[in-house]
Amino acid sequence: MRSRLAPTLLLALALLAACQPSTPAGSAPRASGSAPAGAATAAPAAATNPTAGTAAQASAPAATDDFPRTTVRVGTVGSFTDAGFAIGIGQGYFARQNLDIETQRLDTAAKMIPFVSTNQLEVAGGGPGAGLFQAFSRGVDLKIVADKGTAGDTQSYFCYLVRKDLIDSGRVKTEADLRGLTFANSAPGISVDLPTARMLQKGGLTEQDLTVTYMSYPDMVSALGTQRVDVAATLEPACAQAVSEGIAVRWRTTSDYVPRQTVAMVMYSSQFAQNREAAVRFMVGYLQGVRDYRKAYLEKDAALRQKLDPILAEWTGIDARVYDQMVLPELHADGSLNVESIEALQDYELESGQVQERVDLSKYIDSSFREEAVRRLASR
């Protein structure tokens, strides 16, 4: 079913346009591949139609209670941090909660905010940043409910690539050596701003000591290869690709500067959050998917990984043979967020002028859904 943009959505789009950081076309990775068997596959270009496209839910036993069958529309970017969504669908965990999942691919998480804030999407996955903080300050209403991608203690799936020839020649050894180089980023006002600022500070530098250019993550690899850029702040699988092709070195990661940073989050529309039972059930299915991901990829369960590889390969468009070369995102089994890292990012964006007003994030972060889901999973 195709839906029209409601007047409230048009207002929200106009509102968000005033507070979004400018993002060049194609500045985020384009979702490639399709959702796994059982997922609804919507036309990726339908950014103004989040419910476009419907397909059958994964075949799985339905819940045995009388909770009504409920459709949940989920905005995704098709990345590896969507593992809880992808596996939850592919393994039938949402279906067992009497939930039918319709997914809508949007090429940036920022584009989801107007849809989830007006209940055109019930759920979205996105990262903290200037656009979200400014949206909150202008009255956009949504709930941050769980982790969807976290840097580790010592490694992160978000890396800083440096051209291999600059490393081999000794031109770049420390953070101070970045002075005067061309630095590629995907957009201003995003979660990587904080570790980048700390990286530069360690070298006694500011952003003005670099030539900053914005481009999509996939384009960064080719730009490094043709020496159009010297350094790139990018994520997997671009990190693994550049290293395997001998183009660049994985020089640092965001964990070197902000360990355990929450890079992506699950967000609920305010109306979906009020549908308490459906919202908790969604979190149960999501955390089951996350736990399978952890068991297969972080705890190295080979049998389960063999089952999940096709699901994630179809979802992300990334060949499963590449996974062992990647630093995979941390996903917390209980869905917990590093709220301190989100607060620290807001502090930086305020200090740097990306946002003009501090918001009380406690009004927008609601841990009760994941806490109840953890209790239900523990009682099984």
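Tabulated data for the structure shown
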{"item": "Karplus-derived HN-Hα couplings along region 279-293 (A = 6.51, B = -1.76, C = 1.60, θ = phi - 60°), whole Hz, x at Gly and Pro", "result": "5, 5, 4, 4, 5, 4, x, 5, 5, 5, x, 4, 5, 4, 4"}
{"item": "Alpha-carbon centroid distance for the pair region 232-271 / region 167-191, whole angstrom", "result": "15 Å"}
{"item": "Sorted peptide list for 307-313, 132-138, criterion being average Cβ within 10 angstrom, highest first", "result": "132-138, 307-313"}
{"item": "Residues of type lysines that residue 143 reaches as a straight line, Cα spacing below 18 Å, ignoring anything fewer than 8 places off in the same chain", "result": "111, 363"}
{"item": "Sequence of 251, 315 once ranked by neighbouring C-beta atoms within 10 Å, starting from the fewest", "result": "251, 315"}
{"item": "Relative exposure of 276, 260, judged by other C-beta atoms within 10 Å (fewest first)", "result": "276, 260"}
{"item": "Segment residue 271-residue 174, extension gain: residue separation times 0.36 nm, minus the distance between their alpha carbons", "result": "30.0 nm"}
{"item": "Set of aspartates and glutamates near residue 307 by C-alpha distance (under 12 Å), chain-local residues within fewer than 8 positions excluded", "result": "292"}
{"item": "Length added when fully stretched, residue 165-residue 309, from 0.36 nm per residue minus Cα-Cα", "result": "48.4 nm"}
{"item": "Within-15-Å neighbourhood charge of residue 135 [Cβ basis; K, R +1; D, E -1]", "result": "+1"}
{"item": "Within region 158-256: Cβ-based charge dipole about Cα centre, in debye rounded to nearest 20 (Lys, Arg +1; Asp, Glu -1)", "result": "160 debye"}
{"item": "Reachable lysines, given that their alpha-carbon falls under 16 Å from the alpha-carbon of residue 202 and they are not under 8 places away in the same chain", "result": "173"}
{"item": "Neighbourhood net charge (9 Å Cβ-Cβ; Lys/Arg +1, Asp/Glu -1) for residue 73", "result": "-2"}
{"item": "Prolate/oblate/rounded label for region 203-267 (Cα gyration tensor, a/c 1.5)", "result": "oblate"}
{"item": "Stretchable slack from residue 325 to residue 352, in nm (0.36 nm times residue separation minus alpha-carbon distance)", "result": "6.2 nm"}
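Rule-based calculations on the coordinates, nothing more; no lab input. If you're wondering where the values come from, they're calculated on a predicted model, not measured in any experiment. All Cβ positions, glycine included, derive from the backbone under ideal geometry; neighbour counts span all protein chains shown.
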